[in-house]
Amino acid sequence: MLKDNLKTLRKNKGISQEELSVKLNVVRQTISKWESGLSVPDAEMLISISEVFETPVSEILGENIEEKEKNDIKVISEKLEIINEQLSRKQKQKRKRTINFLIVLDVCIILLFIILAILGSPYQSWNYNDPEWSVIGTIWHSFEWIFFKVAPIVVIVITLILAIILIKRNK
């Protein structure tokens with residue numbers, strides 16, 4: 001355990017055996033013997049090692065310390081996975097809202113078309129000698145003309161554009 005912990009702590013700090021030996025005032029071979037388990041540092045040296053690694057002696061002598069790099073990569077990958085799931089959910093929600101909006105818009109257009117078809121251009125029988133009825137009749141006629149002549153073309157074009165965009169996003 002001690003040998004593995006020393007090696008792991010040294011690698012996590014990113015220092016070589018030579019650099020550690022300089023900090024502890026020992027030869028590099030001493031560090032190598034500690035890490036291979038051929039010898040162990042004395043109590044005073046353990047305190048110096050704990051100061052260099054900024055780790056309690058109990059931790060150095062305790063359970064195996066996992067390599068920080070592996071843990072960091074694991075934590076980062078888990079966080080990225082969570083973020084990807086959140087983004088996926090947001091995109092699905094946005095797509096659902098867009099589809100629901102388009103469905104509601106289509107239903108409204110269909111209802112308006114049915115209402116206009118049922119009413120059957122009532123402005124044609126109105127008395128246009130009254131200026132107010134003339135204005136209302138002209139507005140009604142303009143709206144009906146735009147709705148029956150222009151709106152279908154605009155709706156078809158917009159629907160095609162949205163379909164192309166959604167198809168390209170799914171690829």
### Query
In the range 94-170, if every C-alpha pair distance is counted and binned at 10 Å from zero, what percent goes to each bin?
16, 36, 24, 16, 7, 1
### Task
Work out how much length Asn25 to Val150 would gain on full extension: take 0.36 nm times their residue separation and subtract the Cα-Cα distance, in nm to one decimal.
36.1 nm
### Summary
Glu59 and Tyr123 label points (each 7 Å along its Cα→Cβ direction) are spaced in nm at 8.1
### Task
Quickly work out the Ser16-to-Lys90 label distance, labels modelled 7 Å from Cα along the C-beta direction, and quote it in nm with one decimal.
4.6
### Task
Go ahead and collect, in residue order, the members of the range 8-37 whose backbone nitrogen is under 14 Å from a label point 7 Å along the Cα-Cβ direction of Glu51.
23-26
### Message
Between Val157 and Asp4, what is 0.36 nm times their sequence separation minus the Cα-Cα distance? Round to one decimal in nm.
### Response
48.2 nm
### Task
Treat every Asp and Glu Cβ in the chain as -1 and every Lys and Arg Cβ as +1, leave all other atoms uncharged, and give the resulting dipole magnitude about the Cα centre to the nearest 20 debye.
740
#### Entry: Whole-number D in µm²/s for the chain (Stokes-Einstein; Kirkwood sum over Cα pairs; 10 °C, 1.306 mPa s)
67
### Set Lys3/Lys33; Lys7/Lys74; Lys7/Lys33; Lys13/Lys79; Lys94/Lys168 screened for pairs whose C-alpha atoms are more than 18 Å apart
Lys7/Lys74; Lys13/Lys79
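Rule-based calculations on the coordinates, nothing more; no lab input. Bear in mind the structure is a predicted one, so any value in this text is a computation, not a measurement. FYI the Cβ positions are ideal-geometry reconstructions off the backbone, even for glycines, and counts take in every protein chain you see.
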